[in-house]
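Input: one structure, supplied below.
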Amino acid sequence: MSTRIVIDPITRIEGHLRIEAEVKNGKVSNAYSSGTMVRGIEIILRGRDPRDAWAFTERACGVCTTVHALASVRTVENAVGIVVPPNAELVRNLMFCAQYLQDHVVHFYQLHALDWVDVVSALKANPVEAESIAQSISPWPKNSRTYFKEVQNRVKALVESGQLGIFANGYWGHPAYKLPPAVNLIGVAHYLDALEWQKEIIKVHTIFGGKNPHPNYLVGGVPCAVNTEDANAINAERLAYVGTLIGNAIDFVEQVYVPDLLAVASFYKEWFSIGGGLKNYLAYGDLPTNGYNDPSNFKFQRGAILNRNLNEVFEVKGEDPEEVREYVTHSWYKYAGGDAKSLPPWNGETDLNFTGPKPPYEQLNVDGKYSWIKTPRWKDNPMEVGPLARLLVAFASGNTDVKEVITETLKKFDAPVTALFSTLGRTAARGLETKLVAHWMKEFHQDLITNIKNGDIRMFNSEKWEPKTWPKEAKGVGLSEAPRGALAHWIDIKDEKIANYQLVVPSTWNASPRDANGKRSAYEASLLDTPMANPEQPLEILRTVHSFDPCIACAVHLHDPEGKHLNRISFM
Amino acid sequence: MPDQPQTLWEKMQSQGYSRRDFMRFCAYITAAAGIHASGLSKVAKALETKPRPPVVWFHFQECTCCSESFIRSSHPIVSDIILDKISLDYSETLQAAAGHQAEAALHNTMEKYKGEYIMTVEGSVPTKDGGVYCTIGGRTALDIVKEAAEGAKAIIAWGSCASNGCIQASKPNPTGATPIHEVITNKTVIKVPGCPPIAEVMAGVIVYILAFDRLPQLDGLGRPQSFYSTRVHDSCYRRPYYDAGLFVETFDDDAAKKGHCLYKMGCRGPVTYNSCGIIRWNNGVSYPIQSGHGCIGCSEASFWDNGPFYRHLASFPGFGIETTADTIGTVAAIGAGAGVAGHAIATNIRKRRLIKQEMEHSVKNEDVASANEQKGGE
């Protein structure tokens, strides 16, 4: 007999996600993923100045802030043919790296850790034992018994106050928690450290972009100017500030995040064979070292892997209408030509069409439409995107940095490469790439200083800033790798205005409902066969869903090039 | 286990903090909340006698940038707020529990602390088509917000989404995105606009309520005066260049490299009320103008429709501009096609009213201040 369970809201994510699952004989036998909120940013973009699009699309997500802004300026630059100066590319890379560092650390501790770390168990820990374990895996100076005792007292006070706050009603004591109390205590302590540290690294955004979340970007370069002889621009002090932040980030990632990740993983090895899901992986690649138009010199490679065959990497082209296409068969939209066929983003349509049950509802009609998320496919294949896809594509493309870090880690667990195709593999990939990104960031910082030292202080290419210099019609695509995976924007510019704008974002790939052929996307596929100790307390489902780091506000979107349904709303 | 939740002072004692630490902490948050130093004893007394107030934090149509901003707070740091100062009983971003367990935590607080909990909302509420554009646990945002507002002691609208609808409410507002004060009309809604608001401003608003057990003083638009009474333009360190008529003409030009005024690059500082120039961002590191980009006016209603962002505000740049900025309601200021201009005029009429209110208010305050001074002198 199967039991239907509903988890809504899925918490510790960005956005509104609902999972409905069937559990049979203690395992998930079927799962449905639904995005339950929509805003309509794409239709709002129509008719506006393409140079403003970065600010609008940046608001697609405040957790992965900046990533849409970056994809957007690239899209417009691609459309009208702007090449940004090398320094602007470096500043964009630095902001990209800062985002990865902050986002991945916050994901591991604030969004994912409580799936593995039992906070209440930490009360039973011996701080001396926690000290000895922590010091055996890391030189992090705060790992002392006094410190662990303080944290323990703090948690104790919280529990005794009767107001558990964010820890209220957690799954404490659930049989799927396997960490000994001392390791739980280390986890809780570093949860607090991570929360405090993350507000530091994002100051890189504040320095170059003026604020975080949502720093400022600019079509043609970056808005901050360089002047080594003035306090009002990027100067020696600002560069030194960034350098210090990077140094501290490397310490935090190497001495806290990665050791904790490996320690936690060592108690949950069975999760290296749970939650693999799809066998196809897609990455657009990013972090240019020779300009955005030369993907062969990206730090993260571009490509697709099918059927887990790491011996072959397929070329990926954003501008090819036969590659990325979207279905709405099970999404609350309708296509003029029928919902069975997919459409490429440049010709995409969206017409809001809610056919779900009238709220309040208990269950969705999963045979029909059941999500605000569309279903993208690459050459009609469902693809997983994200840190794992990124590392696999890089690994298969022969990226030596990536090969080294993966091989070294697998050796520690005495595990084969296939262990990566799992919930824990996904979580591990995120930590490993964070370490790489931290070191790459240091290189970019040094390169920027070298350029400035050599007299190149250009940050902006003003040549095509004025829209009147643009062709009457221009189409562009901008590819990037958001922390959560492959991200692309498509633009169609007519008469200096946005005629059409489309976002296909990482969580659209991963969280989407089934396609017209009934094929599952990543979340739904990876949840199959997940063991459930107690369906009433769906901790195991949260582990796998969280391993993707869901970000749902980005994933739901709408536009309507025909303007049919939505045109009825007058534009004043 | 005690029946009564611990007060902050008790909590700090149990963590080994001294009375002196406690007083220093009180001084810190007093300053953070923009409270005059004479209010310190009041803050200390409030914090040492109160249990941690329960807070329920909703997410509707939003991007979570407000939550992300909140966790960037450096004074107080956010773990101190959520573990020691408030009890964050419902937060989809941070709470351990999901699904039914999360909903149970919410309802437990709403029942147990009826009339006592602080309700904070991040995001707008879609009202079109029966609210189907945002549901949580199968219920519409509209339903949820109305139910929760009933028993709330205070309601805070975080960010521009909840305060004025923000991006999803900009034209043509496909989902009927509506700010909270238009959905909850029988209670005061404290608006903390910005996309997102500054972290320390968010923390400061919470600290204010906690310390004084009352809502912060609000301006005519429902924003805490302590953070939204100054125009970015009036607190801008580049203001002297504006007054001297020295402007950036294109990004990365010589003027940009010297930090001249960004007015001609579309800066909205002259029509934006926020603390960016004073508190600055991410513990005072910088703010948009300091980093070379104009203010986009993200704390003002309809700022998305007052673009394009790089078209400068109306009028001739130079010495005469100040008049224009202050009497902006009389000018069809930000032209971007007839539709947007129409909207801009509506905004500007509101703005004119606001400026008038602000001016009257500041006159009143000056009167009070001078009266106080006289008293002090007696």
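Throughout, read-outs are computed from the coordinates displayed, never taken from laboratory work. Predicted model, so just to flag it, every value in this text is computed and none were measured. Heads up, the Cβs are rebuilt from the backbone with ideal geometry, glycines too, and the neighbour counts pull from every protein chain shown.
List, in order, the whole-Hz ³J(HN,Hα) value for each residue of the stretch A:101-108 obtained from phi through the Karplus relation with A = 6.51, B = -1.76, C = 1.60 and θ = phi - 60°; use x for Gly and Pro.
My calculation for the stretch A:101-108 gives 4, 5, 5, 5, 5, 5, 4, 4 Hz in order.
Right, next: On average over all directions, what projected area in square nanometres does the stretch B:61-152 have, based on the convex hull of its Cα atoms?
Hull-based average projected area comes out at 6.3 nm².
Nearest 20 debye, what's the magnitude of the dipole of the stretch A:46-141 about its Cα centre given +1 on Lys and Arg Cβ and -1 on Asp and Glu Cβ?
440 debye
Now a separate question. May I have the convex hull volume per residue, in Å³, for the Cα set of the stretch A:415-473?
Values: hull volume 10.6 nm³, N = 59.
Convex hull of Cα atoms, per residue: 180 Å³.
Packing-wise, with mean Cβ within 10 Å as the measure, how do A:453-462, A:181-190 rank, highest first? If you can, show how the numbers build up before the last one.
Working: A:453-462: 15.7, A:181-190: 25.7.
Descending packing order for the listed peptides: A:181-190, A:453-462.
Net charge near B:SER286: determine it from the other residues with C-beta under 12 Å of the C-beta of B:SER286, scoring Lys and Arg +1 and Asp and Glu -1. Walk me through the numbers before you get to the answer.
Details: positive: A:LYS203, A:LYS211, A:ARG238, B:ARG280; negative: A:GLU237.
Value of the local net charge: +3.
Another question about this same structure. Between beta-carbons, use under 9 Å as the cut-off and find the net charge around A:PHE548, counting Lys and Arg +1, Asp and Glu -1.
Once positives and negatives cancel, what remains is 0.
Using Cβ counts within 10 Å as a stand-in for footprinting exposure, how do A:LYS412, B:LYS153 rank, fewest first?
Exposure proxy ranking, most exposed first: A:LYS412, B:LYS153.
OK, next. What translational diffusion coefficient, in µm²/s and rounded to a whole number, does the Stokes-Einstein relation yield for the stretch A:77-120 at 20 °C and a viscosity of 1.002 mPa s, taking the hydrodynamic radius as the Kirkwood radius over Cα pairs?
Reported coefficient: 163 µm²/s.
For B:LEU88, what residues show an amide H to amide H distance below 5 Å, using hydrogens built from the backbone and excluding near sequence neighbours?
Sorted by chain and number, the residues that satisfy this are A:ILE166, B:VAL55.
Average partner chain C-beta neighbours within 10 Å, per residue of A:152-164?
Across the residues of A:152-164, the mean count of other-chain Cβ atoms within 10 Å is 6.
Let me ask something else about it. Expressed in whole Å with the largest first, what are the equivalent ellipsoid semi-axes of the stretch A:17-87 derived from the C-alpha gyration tensor as the square root of 5 times each eigenvalue?
Numbers: eigenvalues 288, 48, 21 Å².
One finds semi-axes of 38, 15, 10 Å for the stretch A:17-87.
Starting from the exponent 0.38 and prefactor 2.2 Å, build the expected Rg for the stretch A:343-434 from its residue count and divide its actual Cα Rg by it.
1.57
For A:THR57, B:THR140, what ranking results if the residue with the fewest other Cβ atoms within 10 Å of its Cβ goes first?
Final ranking by Cβ density, sparse to dense: B:THR140, A:THR57.
Per residue of A:355-361, what is the mean number of Cβ atoms on other protein chains within 10 angstrom of that residue's Cβ? List each step's numbers first, then the result.
Values: counts 1, 3, 3, 3, 13, 7, 5.
Going residue by residue through A:355-361 and averaging, the value is 5.
Would you kindly compute the Cα radius of gyration of the stretch A:68-186 and its largest Cα-Cα separation (Dmax), both in Å?
Taking only Cα atoms of the stretch A:68-186, I get Rg and Dmax of 21.3, 62 Å.
While we're here: Roughly how many nanometres apart are two label points built 7 Å out from the Cα toward the Cβ at A:THR3 and A:LYS379?
Taking the simple label geometry, A:THR3 and A:LYS379 are separated by 4.3 nm.
Right, something else. In whole angstrom, how long is each semi-axis of the equivalent ellipsoid of the stretch A:120-182, when you take the square root of 5 times every eigenvalue of its Cα gyration tensor and sort them from largest down?
Computed over the stretch A:120-182, the values are 23, 15, 9 Å.
Further, regarding this structure: Assuming R0 = 56 Å, what is the FRET efficiency of A:ASN454 and B:ASP243, from their Cβ-Cβ distance, to the nearest 0.05?
Computed FRET efficiency for A:ASN454 and B:ASP243: 0.90.
Next up: Name the lysines eligible as straight-distance cross-link partners of B:LYS191: C-alpha to C-alpha under 18 Å, and not fewer than 8 places from it in the same chain.
B:LYS146, B:LYS153, B:LYS351
How do the peptides A:130-140, A:14-24 rank, highest first, by the average count of neighbouring beta carbon atoms within 10 Å per residue? Don't jump to the answer; show the numbers that get you there.
Numbers: A:130-140: 18.2, A:14-24: 23.4.
Result, highest mean first: A:14-24, A:130-140.
Could you work out the local net charge near B:VAL201, counting Lys and Arg as +1, Asp and Glu as -1, over the other residues with Cβ closer than 13 Å to its Cβ?
+4
Relative contact order for the stretch A:54-208: what is it in percent, counting Cα pairs under 8 Å that are at least 6 residues apart? Write out the running numbers ahead of the final one.
On the way: 138 pairs, mean separation 50.9, N = 155.
Over the stretch A:54-208, the number comes to 33 percent.
Amide H neighbours of B:THR178 under 5 Å, at least 5 residues apart or on other chains, H built in the peptide plane: list them.
B:VAL125, B:THR127
Over chain A, what is the relative contact order in whole percent, taking alpha-carbon pairs under 8 Å and six or more residues apart?
Taking the mean separation of contacting Cα pairs over the length of chain A, I get 26 percent.
Whole-Hz Karplus ³J(HN,Hα) for the stretch A:439-444, in order, using 6.51 cos²θ - 1.76 cosθ + 1.60 and θ = phi - 60°, x for Gly and Pro?
Per residue, the Karplus-derived 3J(HN,Hα) values read 6, 4, 4, 4, 4, 4 Hz.
Take the cross-link list A:LYS199/A:LYS403; A:LYS211/A:LYS497; A:LYS279/A:LYS412; A:LYS334/A:LYS369; B:LYS171/B:LYS264; A:LYS211/A:LYS299 and give me the ones stretching past 19 Å between alpha-carbons.
On the way: A:LYS199/A:LYS403 31 Å; A:LYS211/A:LYS497 27 Å; A:LYS279/A:LYS412 25 Å; A:LYS334/A:LYS369 10 Å; B:LYS171/B:LYS264 25 Å; A:LYS211/A:LYS299 26 Å.
The answer is A:LYS199/A:LYS403; A:LYS211/A:LYS497; A:LYS279/A:LYS412; B:LYS171/B:LYS264; A:LYS211/A:LYS299.
For a quick check: with amide H placed at 1.01 Å from N, whose amide H comes under 5 Å from B:TYR117's, ignoring anything fewer than 5 positions away on the same chain?
Those lying under 5 Å, H to H, from B:TYR117 are B:LYS153.
P(r) for the stretch A:220-259, please, calculated from all Cα pair distances in 5 Å bins and given in %.
That works out to 6, 22, 16, 16, 13, 11, 9, 5, 1, in percent per bin.
Ranked by Cβ crowding within 10 angstrom, fewest neighbours first, how are A:TRP465, A:TRP271 ordered? The partial results should precede the final answer.
On the way: A:TRP465 18, A:TRP271 27.
Starting with the residue having the fewest Cβ neighbours, the order is A:TRP465, A:TRP271.
Specify the inter-centroid distance of the stretch A:207-248 and the stretch A:295-312, based on alpha-carbon positions, in whole Å.
32 Å
Using 0.36 nm per residue, how much length does the chain from A:GLU237 to A:SER29 gain when fully extended, once their Cα-Cα distance is taken away?
Between A:GLU237 and A:SER29, full extension yields an extra 69.1 nm.
So what J values fall out for the stretch A:532-547 if you push phi through Karplus, 6.51 cos²θ - 1.76 cosθ + 1.60 with θ = phi - 60°, rounded to Hz, Gly and Pro as x?
The phi angles translate into 10, 5, 8, x, 5, 10, x, 4, 5, 5, 4, 4, 6, 4, 5, 5 Hz.
Where does the protein assembly as shown land on the Kirkwood hydrodynamic radius, alpha-carbon pairs, in angstrom?
Value: 28.1 Å, from the Cα pair sum.
Report, in cubic angstrom per residue, the convex hull volume of the C-alpha atoms of the stretch B:209-318.
Values: hull volume 12.8 nm³, N = 110.
About 116 Å³ per residue, rounded to a whole number.
Taking the inverse of the average 1/r across all pairs of different Cα atoms in the stretch A:132-288, what Kirkwood radius in Å do you get? Don't skip to the answer; put the middle values down first.
Details: mean 1/r = 0.0511 Å⁻¹.
Here the Kirkwood hydrodynamic radius works out to 19.6 Å.
Moving on to the next point. In debye to the nearest 20, how big a dipole does the protein assembly as shown give about its Cα centre with +1 on each Lys and Arg Cβ and -1 on each Asp and Glu Cβ?
That gives the protein assembly as shown a dipole magnitude of about 800 debye.
Next question. No solvent, one uniform scatterer per C-alpha: report log10 I(q)/I(0) for the stretch A:434-562 via the Debye equation at q = 0.12, 0.15, 0.22 1/Å, two decimals.
-0.79, -0.99, -1.25
Sticking with this one: Quote the charge dipole size of the stretch A:102-255 about the Cα centre in Debye, to the nearest 20; the model charges only the Cβ of Lys and Arg (+1) and of Asp and Glu (-1).
For this selection, approximately 360 debye.
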